[in-house]
Amino acid sequence: MPFLSIITITFNAEKFIGKTIASVDQQVFKDFEYLLIDGNSTDKTLEIARKSGDLFDKIVSEPDKGLYDAMNKGLRLATGDYVWFVNAGDEIAASTITDDLFQLIQNEKPDVIYGETLFIDNDGTVLGKRSELTPHRLPRHLAWKDMKLGMLVCHQSFIVRREIAPFYIENNLSADIDWEISSLKSSQKTILYNGVLSKYLIGGISNQQLKKSLIDRFLVLKKHFGLAATMISHAQILARGAKKIIKNKGEKYW
């Protein structure tokens with residue numbers, strides 16, 4: 001059994017998948033499994049992936065019901081002790097990360113590992129740290145109740161013991177927040193990785209459908225924190241977000 005399952009979700013991602021695969025392939029510590037869950041792409045995504053066929057333990061390509069349906073497929077297929085989603089366009093931050101994670105897991109035996117994220121654009125240019133470009137500051141000690149003001153940790157920098165990893169809500173654009181909160185509720189030990197875990201390609205589905213994403217986030221937070229607390233926290237989120245948009249000259253980094 002590998003210590004880690006790295007899962008990449010793709011759909012018509014020929015422009016970006018190469019960088020994601022390369023970041024996995026460059027890992028110096030190889031005791032992980034790598035799964036590609038594709039939504040029946042019609043471009044060259046699979047052709048590019050199959051050029052690195054020896055790197056993948058499983059490649060699945062079939063129609064799905066959307067991103068979180070595909071991610072649930074990945075969870076069902078994973079056999080590693082931990083699961084880590086690094087989706088098309090995103091990258092593992094450095095070649096030593098899996099080695100660092102293995103040592104951390106051996107020493108600490110955590111349920112959840114989280115860390116910093118770099119935002120990148122379509123050209124791979126680093127825009128800065130998520131904690132600097134968004135209102136979300138990365139806490140040294142993370143608990144599920146800290147999520148009442150939104151997603152403090154980027155999903156690409158959030159690694160969970162497979163035994164406690166829940167399935168995703170499939171019809172909610174903020175299902176990743178729900179997944180993190182639910183994982184933290186089940187976690188007995190949550191550890192901060194002291195550094196950058198991933199590079200996140202901005203402009204995903206949540207940014208493309210921002211209004212629905214915000215509504216879905218409200219529903220997720222109401223589920224965990226209740227209506228009154230969520231209304232208060234969302235007023236704070238919107239006020240904070242408006243200030244950040246002005247500071248970032250219109251960029252909506254929520």
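Points to keep in mind about this one:
- Residue check: LEU46 meets all listed conditions (1) in contact (Cβ under 8 Å) with a residue 24 or more places away in the chain; (2) in a helix (DSSP H, G or I); (3) closer than 22 Å to LEU201 by Cα but one, namely (1).
- Hits in the stretch 29-65 - residues which are over 22 Å from the mean Cα position of the chain (by Cα) and among the aliphatic types (A, V, I, L, M): ILE48
- Flag for GLY39 being over 22 Å from ILE164 (Cβ atoms), touching a residue at least 24 places away in the same chain (Cβ under 8 Å) and touching a Pro at 6+ places or on another chain (Cβ under 7 Å): yes
- Any hit, the stretch 196-204, residues being more than 30 Å from ASP99 (Cα to Cα), at pLDDT below 95 and not basic (Lys, Arg): no
- Residue list for the stretch 13-37, filter: in contact with a helix residue (DSSP H, G or I) (Cβ under 6 Å, 6 or more places away or on another chain), under 13 Å from ASN87 (Cα atoms) and not aromatic (Phe, Trp, Tyr): ALA13, GLU14, ILE17, GLY18, LEU35, LEU36, ILE37
- Residues of the stretch 98-139 classified as touching a residue at least 40 places away in the same chain (Cβ under 8 Å) and among the polar types (S, T, N, Q), total: 4
- The single residue among ASP111, ASP99 that is of a type in the set (D, E, K, R) and in contact with a helix residue (DSSP H, G or I) (Cβ under 6 Å, 6 or more places away or on another chain) turns out to be ASP111.
- Residue satisfying all of: in the stretch 146-157; in contact with a Phe, Trp or Tyr (Cβ under 8 Å, 6 or more places away or on another chain) and touching a residue at least 60 places away in the same chain (Cβ under 8 Å); surrounded by the fewest Cβ atoms within 10 Å (Cβ to Cβ) among these: LYS148
- Residues that are in contact with a Gly (Cβ under 7 Å, 6 or more places away or on another chain), within 16 Å of THR117 (Cα to Cα) and either of a type in the set (Phe, Trp, Tyr) or surrounded by fewer than 22 Cβ atoms within 10 Å (Cβ to Cβ) (or both), drawn from the stretch 168-197: LEU192, TYR193, GLY195, VAL196
- Of the residues making up the stretch 91-134, those that are over 14 Å from LEU201 (Cα atoms) and of a type in the set (Phe, Trp, Tyr) number 2.
Rundown of residues vs (1) crowded, with 17+ Cβ neighbours inside 10 Å; (2) in contact (Cβ under 8 Å) with a residue 40 or more places away in the chain, yes/no style:
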site	(1), (2)
PHE3	no, yes
ILE9	yes, yes
ALA13	yes, yes
SER23	yes, yes
GLN26	no, yes
PHE29	no, yes
TYR34	yes, no
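The values are calculated or read from the model by the stated rules, or taken from the named source; none is laboratory data. Everything quoted here is computed from the prediction, not taken from an experiment. Cβ sites come from the backbone with ideal geometry, for glycine too, and all protein chains shown count toward neighbours.
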